[in-house]
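Report on one structure; see the data block that follows.
The values are calculated or read from the model by the stated rules, or taken from the named source; none is laboratory data. Computed from a prediction, not measured in an experiment: that's the story for all the values here. With ideal geometry, Cβ positions are generated from the backbone for all residues, glycine too; neighbour counts draw on all protein chains shown.
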Amino acid sequence: MRHTANETSTTTLTRLITALDAKHPVTITYVKSDDTTTIRTIETYDIVVSAAGDILLKAMDRETGESRSFRLDRLVSYTVHRTAYTVTRPVADEPKARPAHGLATVTVLYPVDCPITARVQLLADALAA
């Protein structure tokens, strides 16, 4: 288990992107908006930045089978598993086109063989622009 207080948000994001690329589920300890803590096992399918500038993990919740969004800054700890995804994502949750309002999105193109740290840096540079 990794505690987000012991690492930078860039390191946390790098590890979560690596789990997303490998399609490995992640168990997270998360502080909800009402300050209660919950533990969820999720299967991430997208990472976006909200209009407010928050990094959001869009994922399927293994317990309920529903799509959920989690703010990166509200993660307390996480564990990346070595198993594969098991939850089928509904067609409605498949990424199609980004909404014209609501979420600010950035398209970043990078080579497939680019190391993960370079990919995170490209994303950070694009978001800063």
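Being within 22 Å of Asp125 (Cβ to Cβ) and either over 11 Å from the mean Cα position of the chain (by Cα) or surrounded by 12 or more Cβ atoms within 10 Å (Cβ to Cβ) (or both) narrows it down to one of Thr18, Thr4, so name that one. Walk me through how you get there before you give the answer.
Working: Thr4 fails: within 22 Å of Asp125 (Cβ to Cβ).
Only one candidate passes the filter, namely Thr18.
So which of Ser69, Ser50 is over 20 Å from Met1 (Cβ atoms) and at pLDDT 90 or above?
On the way: Ser50 fails: at pLDDT 90 or above.
Ser69 is the lone residue from the list that is over 20 Å from Met1 (Cβ atoms) and at pLDDT 90 or above.
What are the residues in the range 63-73 that are in contact (Cβ under 8 Å) with a residue 24 or more places away in the chain and either buried (at least 16 other Cβ atoms within 10 Å of the Cβ) or of a type in the set (Ser, Thr, Tyr) (or both), if any? Don't jump to the end; show me each part of the working.
Filtering the range 63-73 down to residues in contact (Cβ under 8 Å) with a residue 24 or more places away in the chain leaves 67-68, 70, 72-73.
Matches in the range 63-73: Ser67, Phe70, Leu72.
What number of residues within the range 31-60 satisfy the criterion of being surrounded by fewer than 16 Cβ atoms within 10 Å (Cβ to Cβ), touching a residue at least 12 places away in the same chain (Cβ under 8 Å) and of a type in the set (Asp, Glu)?
Going through the range 31-60 one residue at a time, the tally reaches 2.
Among Thr8, Thr4, Thr38, Thr44, which is the only one that is of a type outside the set (D, E, K, R), over 20 Å from Tyr85 (Cα atoms) and modelled with pLDDT of 90 or more?
Working: Thr8 fails: modelled with pLDDT of 90 or more; Thr4 fails: modelled with pLDDT of 90 or more; Thr44 fails: over 20 Å from Tyr85 (Cα atoms).
Just a single option satisfies the conditions, and that option is Thr38.
What are the residues in the range 72-98 that are over 15 Å from the mean Cα position of the chain (by Cα), at pLDDT 90 or above and not polar (S, T, N, Q), if any?
Selection gives Arg82, Ala84.
Out of all the residues in the range 85-93, is one or more under 25 Å from Ala124 (Cα atoms), aliphatic (A, V, I, L, M) and in contact with a strand residue (DSSP E or B) (Cβ under 9 Å, 6 or more places away or on another chain)?
Within the range 85-93 (the criterion being under 25 Å from Ala124 (Cα atoms), aliphatic (A, V, I, L, M) and in contact with a strand residue (DSSP E or B) (Cβ under 9 Å, 6 or more places away or on another chain)), the answer is no, since none of the residues qualifies.
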